[in-house]
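Once you've had a glance at the structure underneath, I'll fire off some questions.
Read-outs throughout are calculated quantities, based only on the coordinates presented, and are distinct from any laboratory measurement. Everything numeric in this text was worked out from a predicted model, so none of it was measured. Cβ placement follows ideal geometry from the backbone for every residue including glycine, while neighbour counts extend to all protein chains displayed.
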Amino acid sequence: MEHGWMTVSDHLCLKIVLALTDGIVNRVHWLRAKAQFERWKEEQDSIHNEAVWVPAYFQTKADCWKGWMKCATQDGHAAYASRQAHAWDELSKSSRKALIPITSASLKYF
């Protein structure tokens, strides 16, 4: 046999549980969105840094080969080093040109 006060009490408990659950769900969604945003910012920084590092690496390799070219004792060694230096230098130039849209864009910080 149900009494009127028990039904009201059960209904009130259900409302409280739903309100608490809704608040928890909203917090979980907010935390997941915040974590995704933080990952996006980290990825943005990584891509920008890599766009700067790649041409710098190629230029460093070109400079190494230029140094070895100057130290070469035989003409064949100097010719090979010159060819390698030129190849790395061209990679540096082409990568710098290709990555200009990334390196020239300002990073978005919120």
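Among Cys71, Cys64, what is the fewest-to-most ranking by other Cβ atoms within 10 Å?
If I rank by nearby Cβ atoms, fewest first, I get Cys71, Cys64.
Mean separation of Cα pairs under 8 Å and 6+ residues apart, divided by the residue count of region 4-104: what relative contact order is that in percent?
27 percent
Which ³J(HN,Hα) values, rounded to whole Hz and listed in residue order, are derived for region 58-75 from phi using the Karplus coefficients 6.51, -1.76 and 1.60 in 6.51 cos²θ - 1.76 cosθ + 1.60 with θ = phi - 60°, glycine and proline given as x?
4, 5, 4, 5, 4, 5, 4, 5, 5, x, 5, 5, 5, 8, 5, 9, 10, 4
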